Amino acid sequence: MNVTYIPAGGANYRVYKTTDPATGGGGDFGAAQALVLNENTITVPAVSYNRSVKIQFDNVDVEFDALSINGDAQTCC
């Protein structure tokens, strides 16, 4: 993700990912991480089951102009 604007005071993101259904399923949020201007790479390890991954920002004013998921450019902006 290429971040082009971060509001004064900064901004963070956290990753939500569903957990293994064989162990009860559900999901959890990771720890908050600071966003930086320009390229931000968010890595989520592969698993052997289907899961959802979501990124949550703590500020709605963050702006970005490029997003790639698993190396595939997304239409986002």
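What follows is calculated from the coordinates using simple rules that are stated; it is not laboratory data. It should be emphasised that the depicted structure is a prediction, and the values quoted were computed from it without experimental measurement. Cβ placement follows ideal geometry from the backbone for every residue including glycine, while neighbour counts extend to all protein chains displayed.
The chymotrypsin sites (Phe, Trp or Tyr not before Pro) found in segment 20-61 that occupy coil by DSSP, while having at most 13 further C-beta atoms within 10 Å, are TYR49.
Per-residue Karplus couplings for segment 49-58, computed as 6.51 cos²θ - 1.76 cosθ + 1.60 with θ equal to phi - 60°, are listed in order as 10, 6, 8, 9, 10, 10, 10, 10, 9, 8 Hz, Gly and Pro entered as x. Distance distribution note for the chain: the fraction of Cα pairs above 17 angstrom is 51%. Within the shell of other residues whose beta carbon sits under 15 angstrom from the beta carbon of LEU67, the net charge comes to -3, with Lys and Arg scored +1 and Asp and Glu -1.
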